[in-house]
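S.K.: Structure provided below as structure tokens; questions to follow.
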């Protein structure tokens with residue numbers, strides 16, 4: 001029973017990017033790193049990320065490289081963006097649930113196991129980062145060619161939290177120490193977790209434009225762009241798991257041990273795990289931009305951004321106190337020694353591919369722009385992160401897990417609201433986008449696994465707003481905010497035109 005629970009715990013005990021324990025190692029499915037797969041730049045952020053068919057500044061080097069040909073209007077430019085990200089990560093902290101189908105959980109009302117905690121109780125870990133998110137230089141060459149160098153931070157994630165460990169009712173499998181409802185009670189180990197992820201993308205993009213023959217009065221031009229990206233990846237996730245009744249032989253099982261508050265002291269450490277990864281990879285992004293109609297008021301843009309997969313290594317150490325008492329029992333004050341149980345177990349970390357198609361309309365006077373983007377993110381590619389190297393001894397099968405790809409809809413409106421001739425132009429922006437559910441799901445028969453992974457499959461709506469100011473056609477300043485239940489993003493961009 002305890003061995004089975006330990007295996008379940010290792011796989012599904014809600015450690016941020018947790019790995020490790022007894023017989024199996026698997027990345028935690030409940031809390032995942034936050035990705036910045038949106039297009040860079042405060043202007044794009046204010047438009048709700050709808051930018052593929054506009055792509056008319058240096059951030060196009062990443063979002064849609066074909067849009068770099070728009071720089072021929074204003075010449076070369078340098079763009080820099082700083083972003084502040086706030087995000088909340090949900091994890092199972094405590095509670096009491098049943099792993100037996102059709103049987104309701106029953107709390108013992110001992111220690112921290114009481115009626116108010118029936119079911120799984122989640123908590124949130126709040127984190128925030130401030131970074132140089134994007135830096136680029138676009139240069140216009142003769143004959144309609146444009147090149148751009150850029151640096152884009154896709155992820156800068158840091159979090160730390162503690163969990164109490166929920167109780168679970170399991171079938172006793174012939175054991176006699178059952179509770180009043182005929183089930184055996186076990187508890188997931190308390191733990192401390194800290195994780196960090198950093199992914200920076202360095203890229204070179206180029207684009208050229210072709211004038212197409214006019215169809216009557218319908219003028220059009222099409223641009224093609226391609227980019228090469230170099231990803232620099234660093235990951236570290238350290239998790240410490242604490243015993244519940246290590247010293248029951250000395251003091252007996254009492255409140256403060258199996259049923260009590262967690263003991264996070266060093267002497268109670270049972271095992272720890274570390275996943276680390278540091279590597280690089282190359283990828284590509286390609287795009288097109290078709291502008292048509294009088295004054296090119298309509299445009300259609302498309303892009304494919306290739307992701308990358310990185311290797312990680314996972315270490316597991318089992319910890320135990322050394323020494324003993326005169327009666328031969330383990331002394332709780334003995335020093336803890338940790339030995340490798342599983343060393344350098346291979347893991348994977350994946351950045352998914354993204355496909356995008358965008359549409360944009362400009363008013364006749366050019367003061368109003370409306371943009372719509374449809375993006376498909378292949379989150380299903382991340383399934384390997386959770387199931388790679390799944391140990392058969394766990395009883396879990398990779399085919400019982402899945403992650404759905406996500407279809408995102410982005411909508412944005414931009415309107416010139418202030419003009420001071422030869423001095424500056426002010427622009428207001430509003431947007432929204434829909435982020436559908438794209439987390440790990442489980443369809444197997446293990447009730448404990450299903451309970452820990454189960455969550456509402458709700459889409460999250462992001463709302464955004466921003467303001468831009470072009471000063472004497474030499475500088476552009478942009479501010480924007482993107483707000484949602486799980487994350488808030490604030491951005492400031494500065495563009496210098498040459």
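S.K.: Modelled label-to-label distance, residue 141 and residue 322, 7 Å Cα→beta-carbon offset: nm?
M.R.: Taking the simple label geometry, residue 141 and residue 322 are separated by 6.4 nm.
S.K.: Could you order the peptides 103-110, 383-390 from most to least packed, using the average number of other C-beta atoms within 10 Å per residue?
M.R.: For the peptides 103-110, 383-390, the packing ranking is 383-390, 103-110.
S.K.: For residue 488 and residue 355, what is the calculated FRET efficiency with R₀ set at 30 Å and r taken between the beta-carbons, to the nearest 0.05?
M.R.: 0.65
S.K.: Then there is this: Starting from the Cα-Cα distance between residue 477 and residue 460, subtract it from 0.36 nm times their residue separation and give me the gain in nm to one decimal. Don't skip to the end; give the middle numbers.
M.R.: Numbers: separation 17, 0.36 × 17 = 6.12 nm, distance 2.90 nm.
Contour length minus the Cα-Cα distance gives 3.2 nm.
S.K.: Please report how far the C-alpha centroid of the stretch 213-243 lies from that of the stretch 49-121, rounded to the nearest whole angstrom.
M.R.: So the separation of the two Cα centres works out to 18 Å.
S.K.: Where a ≥ b ≥ c are the square roots of the eigenvalues of the C-alpha gyration tensor, would you call the stretch 83-228 rounded, which needs a/c under 1.5, or, failing that, prolate if a/b is larger than b/c, or oblate?
M.R.: Prolate is the answer for the stretch 83-228, as a/c is 1.5 or above and a/b outweighs b/c.
S.K.: Based solely on C-alpha atoms, express the radius of gyration and the Dmax of the stretch 397-454 in angstrom.
M.R.: 22.7, 69
S.K.: When each pair of different Cα atoms in the stretch 350-485 is counted once in the 1/r mean, what is the Kirkwood radius in angstroms, to one decimal?
M.R.: Mean inverse Cα-Cα distance, inverted, gives 18.4 Å.
S.K.: Let me ask something else. If you rank 212, 235 by fewest surrounding Cβ atoms within 10 Å, what's the result?
M.R.: Going from least to most buried by this count: 212, 235.
S.K.: Between residue 374 and residue 422, what is the label-to-label distance in nm when each label sits 7 Å out along the Cα-to-Cβ direction?
M.R.: Inter-label distance under the simple model: 4.8 nm.
S.K.: Among 228, 377, which comes first, then next, by fewest other beta-carbon atoms within 10 Å?
M.R.: Sorted ascending by nearby Cβ count, the order is 228, 377.
S.K.: Let me ask something else about it. Just how far, in whole angstrom, is the stretch 409-480 from the stretch 278-294 if you go by their alpha carbon centroids?
M.R.: When both Cα centres are located, 20 Å separates them.
Values quoted throughout were computed directly from the atomic coordinates according to the rules given, and no laboratory measurement underlies them. Keep in mind that what you see is a predicted model, and the values were worked out from it rather than measured. So basically every Cβ, Gly included, is an ideal-geometry build from the backbone, and we count neighbours across all protein chains shown.
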